[in-house]
Amino acid sequence: MQRSIVCLLGAALVAVGSLALSPGRPGLAADGVERGKPLAPVDAARMIDAVLADELASESGGSSPAQTVDDESYLRRVSQDLVGELPNPAEITAFVLDPAADKRAKIVARLLADPRYGENWAHYFRDVILYRRTDERALLAGQSITEFLSKQLNSGAGWDQIARSFITAKGDVRENGSTGLFMAQMGQAPEIAAETARIFLGIQIQCAQCHDHKTDRWKRRQFHELAAFFPRVAIRPVRDGERRSFEVVSRDVTPKKPPKNGKPRGTAEYYMPDLDDPSAKGTLTTPAFFLTGQKLPEGTKDADRRKTLADWITDKSNPWFARALVNRLWAELVGHGFYDPLDDMGPDRTAIAPRTLDLLASKFVEHGYDLRWLLGTIMATERYQRHSRSPADGTAAHFAANCPQALRADQVFASLTSALAIDERQLVPPGPPGPQKMRRGPRAEFDRTFGYDPSDPRDEITASIPQALLMMNAPLLARAINGRNAGTVLGKLLAAESDDETVVTELYLRCLARQPRPEELAACLSYARSTADRAEAFEDLLWALVNTTEFTHRK
């Protein structure tokens with residue numbers, strides 16, 4: 001056993017050591033790929049664990065590594081991370097009793113094949129795009145972004161294919177969700193450039209918009225050369241009866257009439273603003289990719305500009321594209337990334353365990369930017385499977401434990417509907433379909449109350465009074481937590497089970513995906529026996545469970 005681990009570590013280190021380094025492109029081979037046979041996620045995870053352990057072996061101080069979570073905790077974690085909701089009691093029991101040594105890998109594979117996987121991660125990436133919108137009208141694209149991403153993810157589209165779709169998109173924003181990035185920034189070239197670099201490269205070059213970057217190598221000229229890929233993108237209103245929308249269009253000719261709001265939209269060429277004279281036309285700037293210096297000539301059509309940029313960004317020789325997504329998903333699943341903040345990377349930043357990041361990124365490229373492979377690999381690592389600890393005191397060693405984090409709004413809502421067996425289709429308000437209708441529904445109320453930017457550090461996400469009030473007073477919950485209604489989960493359970501201990505255990509499994517601890521069981525049974533009304537006693541218990549921090553957090 002020890003010999004096999006040593007051999008694996010040696011092979012991993014040789015693989016990492018063979019990755020050629022070059023200025024601005026650390027850690028990847030010349031074509032961005034560390035050569036070798038495709039690896040199953042479990043095998044890749046062993047390699048990642050070995051390299052990471054070697055890199056962090058010299059760390060001094062900090063807390064000791066956390067232990068591996070038990071099966072109940074692991075199932076809850078992967079269920080919330082992959083499909084956005086809790087496993088049901090039958091699934092928990094079956095998983096815990098399964099004697100198979102590879103059951104964790106199997107459950108991850110099964111959940112990755114579940115349609116809810118695409119829906120859950122579509123909500124995540126939708127929020128990445130929309131939370132830094134410049135105009136509230138961008139929310140018109142919210143549903144189409146979710147539908148587009150869900151279809152792409154469930155079909156197995158590579159991350160490079162998805163990125164290309166966003167960068168080259170055009171059409172009605174309510175019908176084509178890939179237009180969401182442009183709609184979120186209302187077609188403004190500088191804002192589109194900044195978000196394209198942040199989301200797909202993990203680099204915040206927007207700090208160089210008005211002056212050369214203070215802490216990175218990027219120059220003001222380079223930022224505006226990136227913006228020069230997008231001046232011909234425009235957002236145009238669409239009127240179709242009562243339906244209001246916008247569409248992303250290409251304008252390869254400068255409009256004859258200037259826009260009413262004075263902002264340059266859809267101009268044929270891009271002009272870097274004159275800081276000394278904002279009213280001046282500025283300096284004509286042609287497209288150039290800041291990472292490589294590759295350029296396009298003046299007059300290049302919009303479709304060619306954006307397609308070429310998409311090619312350059314997703315090219316296997318560009319390591320930052322793969323690294324940005326690997327760092328983002330590692331941070332989402334483990335609690336903090338190799339770079340912090342997760343979207344502020346670059347050649348002038350220092351990564352935690354850079355060899356591990358490079359190895360995982362190169363394997364991600366080798367596997368065709370396969371998101372399922374990447375998620376499965378991270379979830380098979382020892383670091384992902386450790387117990388959670390709060391990093392608030394700052395004493396923990398890097399990746400010594402997983403980190404607890406607040407569930408996203410869609411995950412809170414999905415957990416409620418699954419735990420309480422609520423049919424969301426019955427909750428949609430009457431009226432014609434559309435964004436206005438969805439904004440009136442319970443899901444939208446949870447989105448507004450529990451929503452947060454998933455790119456923000458986890459320690460910046462805090463609970464709020466409106467969240468507590470919604471969980472205590474939402475009519476949705478009042479109807480679902482009714483022990484006298486034969487149609488609710490609780491009503492059915494009380495009618496079918498006379499044994500209070502069985503009822504308590506079932507409620508814990510449904511709400512917290514675990515058995516009650518002995519002291520919890522004793523307290524619950526004592527309360528139930530002291531309350532004259534059995535239905536009321538268990539209503540109180542169910543209310544208490546869904547209002548715990550444990551319910552609204554992933555741990």
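Taken together, the values in this text are just the output of simple stated rules run on the coordinates, not laboratory data. For clarity, every value in this text was computed on a predicted model and none was experimentally measured. Positions of Cβ are backbone-derived with ideal geometry, glycine not excepted, and every protein chain shown enters the neighbour counts.
Structure notes:
- Projecting the Cα positions of Ser388, Ile92, Trp330 onto the charge dipole of the chain (unit charges on Cβ atoms of Lys, Arg, Asp and Glu, taken about the Cα centre) puts Trp330 furthest along the positive direction.
- Translational diffusion coefficient (Stokes-Einstein; Kirkwood radius from C-alpha pairs) of segment 129-314 at 20 °C, 1.002 mPa s, in µm²/s: 127 µm²/s
- Alpha-carbon centroid distance for the pair segment 479-555 / segment 298-326, whole angstrom: 53 Å
- Cβ-placed point charges (K, R +1; D, E -1), dipole of the chain about Cα centre in debye, nearest 20: 1840 debye
- Packing here is the average count of other Cβ atoms within 10 Å per residue, and on that basis the peptides 190-196, 215-221, 365-371, 419-425, highest first, run 190-196, 365-371, 215-221, 419-425.
- In the chain, Cα pairs under 8 Å separated by at least six residues give a relative contact order of 18 percent.
- Cα centroid of segment 169-243 to Cα centroid of segment 89-151, whole Å: 26 Å
- Kirkwood analysis of the Cα pair distances in segment 406-554 returns a hydrodynamic radius of 16.5 Å.
- Of the Cα atoms belonging to segment 158-239, the radius of gyration and Dmax stand at 13.6, 46 Å.
- Put simply, the amide H of Asp212, placed in the peptide plane, has neighbours under 5 Å in Arg220, leaving out anything fewer than 5 places away on its chain.
- Least to most buried among Cys403, Cys207 (fewest other Cβ within 10 Å first): Cys207, Cys403
- For segment 268-420, the alpha-carbon radius of gyration amounts to 1.39 times the rule-of-thumb value 2.2 N^0.38 Å expected for a compact globular protein.
- Lys/Arg +1, Asp/Glu -1 at C-beta; the chain dipole; positive extreme among Gly368, Ala194, Ala419: Ala194
- Rel. contact order, % - alpha carbon contacts under 8 angstrom, at least six apart, segment 129-314: 21 percent
- Peptide ranges 129-138, 325-334, 46-55 listed from the most packed, as the mean C-beta count within 10 angstrom indicates: 325-334, 46-55, 129-138
- Each of (1) 80, 70, 39; (2) 140, 63, 50; (3) 70, 50, 48 is a candidate for Cα extents along the principal axes in Å; the one calculated from this structure is (1).
- Residues Arg239, Arg479, sorted so that the one with the fewest Cβ neighbours within 10 Å comes first: Arg239, Arg479
- Prolate/oblate/rounded label for segment 467-555 (Cα gyration tensor, a/c 1.5): oblate
- When peptides 147-153, 302-308, 523-529, 357-363 are ranked by their average number of other Cβ atoms within 10 Å per residue, the highest-first order is 357-363, 147-153, 302-308, 523-529.
- Taking other C-beta atoms within 10 angstrom as a stand-in for reagent exposure, Phe182, Phe223, Phe125 fall in the order Phe125, Phe223, Phe182, fewest first.
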